[in-house]
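The structure appears right after this line, and notes come after that.
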Protein chains: 2
Amino acid sequence: MPRSSFSGGIASPTVDVMIDMGNPFLNLTLDGFLKIGTVGALRVAAEETYHCVHRGSISSHKFEHTLKKMCKEGAYWGTVAGVYVGMEYGAERVRGSRDWKNALIGGAITGAVISAASNDNRDKVVVNAITGGAIATAAEFLNYLT
Amino acid sequence: MPRSSFSGGIASPTVDVMIDMGNPFLNLTLDGFLKIGTVGALRVAAEETYHCVHRGSISSHKFEHTLKKMCKEGAYWGTVAGVYVGMEYGAERVRGSRDWKNALIGGAITGAVISAASNDNRDKVVVNAITGGAIATAAEFLNYLT
């Protein structure tokens with residue numbers, strides 16, 4: 001069952017979200033979407049807060065713009081993460097083993113899917129697939145290191 | 001001791017590199033540099049191979065360009081990974097605990113350092129620090145999921 005849990009701030013509030021889609025594949029994908037989407041949205045919030053503090057003024061127009069940007073970027077990060085988690089899980093099931101090659105396959109498919117979905121031409125889809133695979137492999141290696 | 005090990009291809013050749021710098025901090029940083037640098041270089045190799053196959057011709061000039069690009073991009077990816085691994089290890093030692101906050105701190109410092117090293121202005125350094133922290137946190141969450 002996907003458990004999205006975040007904690008931060010002075011009092012460390014913790015939010016737990018649990019949704020069961022009745023299928024491990026869907027559960028993982030939804031969990032990745034929710035978790036990484038939140039990280040993406042929080043990134044925009046932190047960046048806009050810095051800009052506000054720097055400028056020293058808060059306007060309601062700017063606030064609306066920030067909220068919209070948070071939703072947009074959160075959805076984008078969440079989609080990328082959801083596709084990646086689903087594809088890595090799929091690769092693991094098909095290959096029957098857990099190693100860094102799953103990350104490579106998952107990252108490559110994610111890069112290709114996201115690139116194809118944004119109407120890139122064929123060359124760019126392949127290049128993005130290679131880049132996605134490389135980034136996922138690098139993250140997998142870093143994960144063993146730390 | 002850092003062990004860099006890669007395997008791939010039909011016969012799955014394995015290369016093991018072991019270098020001991022006599023210090024866990026330096027070992028981790030060097031290991032991250034070597035591993036992720038190789039991934040970055042291989043990404044360029046794969047991309048250029050695709051372009052060659054697509055065009056259907058190989059020229060020696062292009063090959064030299066590819067080699068140079070592999071070195072440059074490998075060094076860049078390696079540096080980012082080395083700084084990140086070192087900073088995450090540092091954060092773990094200072095904070096005395098292992099959780100996703102180390103990734104956040106490591107990613108933020110890495111973003112700031114790499115951005116400052118490329119002579120960005122102050123605003124951009126802060127934004128890159130936020131982005132670095134967000135990406136590292138997202139990768140850490142994904143790692144728990146998969």
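The values are calculated or read from the model by the stated rules, or taken from the named source; none is laboratory data. Quantities reported herein were computed from a predicted structural model and do not represent experimental measurements. Every residue, glycine as well, gets a Cβ built from its backbone with ideal geometry; the counts of neighbours run over all protein chains shown. These accessible areas exclude ligands, DNA and RNA; they are computed on the full protein's heavy atoms, side chains included. Shrake-Rupley method; radii C 1.70, N 1.55, O 1.52, S 1.80 Å.
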**OP:** Please give the peptides B:123-133, B:25-35, A:60-70 ranked by average Cβ packing (other Cβ atoms within 10 Å per residue), highest first, as a rough proxy for protection.
**Re:** B:25-35, B:123-133, A:60-70
Original post:
Under a Cβ-Cβ cut-off of 11 Å, what is the net charge of the residues other than B:Val85 that fall near it, where Lys and Arg count +1 and Asp and Glu count -1?
Top reply: -2
Subject >> Accessible surface, per residue, of chain B when the full set of protein chains is kept, probe 1.4 Å, Å² >> reply: 55
Subject >> Peptide ranges A:72-80, A:114-122 listed from the most packed, as the mean C-beta count within 10 angstrom indicates >> reply: A:72-80, A:114-122
Original post:
Between A:Met21 and residues 5 or more places away or on another chain, which pairs have amide H atoms under 5 Å apart, with H built 1.01 Å from N, and which residues are they?
Top reply: A:Asn27
Original post:
Given Cα pairs under 8 Å that are at least 6 residues apart, what percent is the relative contact order of chain A?
Top reply: 19
Subject >> Ascending list, in nanometres, of distances separating the A:Leu26 label from those of the other copies (7 Å, Cα toward Cβ) >> reply: 5.5
Original post:
Using helices alone, what [θ] at 222 nm do you get for the protein assembly as shown, with -39,500 (n - 2.57) per DSSP H run of 4 or more residues, divided over all residues and rounded to the nearest 500?
Top reply: -27000 deg cm²/dmol
Subject >> the protein assembly as shown - Rg (one decimal) and Dmax (whole number), Cα, Å >> reply: 20.0, 62
**OP:** Can you list the distances in nanometres, one decimal and ascending, from the A:Ser57 label point to the identical position in each other copy, with the point 7 Å along Cα to Cβ?
**Re:** 5.8
Original post:
What are the label-to-label distances in nm, one decimal and shortest first, from A:Asn119 to the same spot in the other copies, with labels 7 Å along Cα to Cβ?
Top reply: 3.8
Subject >> Within-11-Å neighbourhood charge of B:Thr131 [Cβ basis; K, R +1; D, E -1] >> reply: 0
Original post:
Using a 1.4 Å probe on the protein chains only, how many percent of the accessible area of the protein assembly as shown belongs to carbon and sulfur?
Top reply: 65
